[in-house]
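One structure is given below, encoded as structure tokens.
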Amino acid sequence: MHEGKSYGKEDKRLGKEGTSYEIRQRCLIIRLNDELDHHNAVQIREKADRLIERNNIKHIIFDFSGSGFMDSAGIGVIMGRYKKVIFIGGSIAVASVNSAVDRIFRLSGLYKIINKYDSVETALSQLK
Amino acid sequence: MDNTNKMVLEFESKSQNESFARTVVAAFAATMDPTIEELADIKTAVSEAVTNSIIHGYGDCIGMITMRSFISGNEITVEIEDSGTGIQDISKAMEPLYTSRPELERSGMGFSFMEAFMDDLEVESEFGKGTLVRMKKRIGKQLAKGYTQQTEQNVV
């Protein structure tokens with residue numbers, strides 16, 4: 001089922017996995033397993049950009065099923081990736097956002113440039 | 001029953017303390033029986049203020065950040081204070097989408113979020129001395145802003 005390559009780091013100390021990354025065709029799926037603030041944004045940005053450049057990525061899906069919090073640093077991360085893929089006709093999607101994260105997206109106006117889906121699978125089927 | 005409470009917390013300006021600070025405030029505010037949305041609002045606002053102190057106040061240096069919180073009746077006040085560089089032009093800093101550090105992919109929405117998610121926001125700053133952000137929120141108001149279908153007008 002999951003034929004894509006997986007990348008991720010595991011933090012065994014907390015018994016909690018960090019953000020994991022999966023590539024399916026030209027789509028990068030970023031599964032957030034932590035709150036998306038400035039602290040985590042720095043690492044996610046570096047890792048994601050390396051994968052985007054090396055794997056000819058067109059679309060990016062942020063999966064929020066493991067993350068219930070985001071602040072303006074998350075907006076920066078998404079805007080930054082948007083600028084990278086928009087020139088090659090790519091797009092950004094978010095999946096499984098809770099009400100708090102949804103509110104941040106709504107107030108910031110980010111839904112004008114990104115799409116929201118119920119699940120990663122739905123997003124994948126739309127982005128093909 | 002006495003419905004006032006007070007707390008003070010000091011921590012270093014390291015980015016891992018962003019989640020520490022907002023979690024502490026959320027736990028402190030929990031006695032006020034806030035809704036999940038109200039709690040998320042406070043956490044976001046605190047996260048923005050603490051991140052500002054870390055990135056803009058202290059930059060590459062490590063300094064101390066003081067967080068104070070007071071509860072009085074149904075109102076919670078949170079103060080975030082640093083002894084960093086201070087803000088030269090507060091009204092410019094508070095403009096939506098303005099950022100002094102575009103290279104860091106800052107969205108420029110920190111102060112806008114603090115304003116949108118809290119009921120009251122005051123910023124005191126002296127260049128070279130530091131910055132104090134004071135935010136207030138009343139818990140138990142009906143209909144949190146932004147959870148309805150309407151879009152906010154005062155935020156971008």
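Quick notes
- Checking B:G108, B:G86, B:G63 one by one, the residue that is in contact (Cβ under 8 Å) with a residue 12 or more places away in the chain, of a type outside the set (F, W, Y) and touching a Pro at 6+ places or on another chain (Cβ under 7 Å) is B:G108 and no other.
- Members of segment A:92-110 that are surrounded by fewer than 18 Cβ atoms within 10 Å (Cβ to Cβ) and touching a strand residue (DSSP E or B) at 6+ places or on another chain (Cβ under 8 Å): A:D102
- Flag if B:A30 is small (G, A, S) and closer than 21 Å to A:I104 by Cα: no
- Qualifying residue in segment A:20-28 (condition: in a strand (DSSP E or B) and of a type in the set (S, T, Y)): yes
- Of note, A:R50 satisfies the criterion of being surrounded by fewer than 22 Cβ atoms within 10 Å (Cβ to Cβ) and away from chain B (no Cβ under 14 Å).
- Residue in segment A:27-36 that is within 14 Å of chain B (Cβ to nearest Cβ), modelled with pLDDT of 95 or more and within 20 Å of B:P102 (Cα to Cα) present: yes
- Filtered residue count, segment A:81-112, keeping only those that are assigned to a helix (DSSP H, G or I) and under 11 Å from A:I61 (Cβ atoms): 1
- Meets criteria (in a helix (DSSP H, G or I), within 10 Å of chain B (Cβ to nearest Cβ) and more than 13 Å from A:L32 (Cα to Cα)) for A:I78: no
- Within segment A:53-69, restricting attention to residues that are within 14 Å of chain B (Cβ to nearest Cβ) and more than 12 Å from the chain's Cα centre (by Cα), the residue that is surrounded by the fewest Cβ atoms within 10 Å (Cβ to Cβ) is A:G68.
Quick grid of which residues meet (1) farther than 27 Å from A:Q25 by Cα; (2) among the aromatic types (F, W, Y); (3) modelled with pLDDT of 95 or more; (4) touching a Leu at 6+ places or on another chain (Cβ under 8 Å):
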position	(1), (2), (3), (4)
A:D63	no, no, yes, yes
A:A95	no, no, yes, no
A:D118	no, no, yes, no
A:K128	no, no, no, no
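- Segment B:111-121, residues that are assigned to a helix (DSSP H, G or I) and among the hydrophobic types (A, V, I, L, M, F, W, C): B:F111, B:F113, B:M114, B:A116, B:F117
- With respect to being more than 12 Å from every other protein chain (Cβ to nearest Cβ) and under 13 Å from the mean Cα position of the chain (by Cα), A:S125 falls outside the description.
The values are calculated or read from the model by the stated rules, or taken from the named source; none is laboratory data. Bear in mind that the values here come from a model prediction, so they are computed numbers and not experimental data. Here the Cβ is made from the backbone with ideal geometry for all residues, glycine too, and neighbour counts use every protein chain on show.
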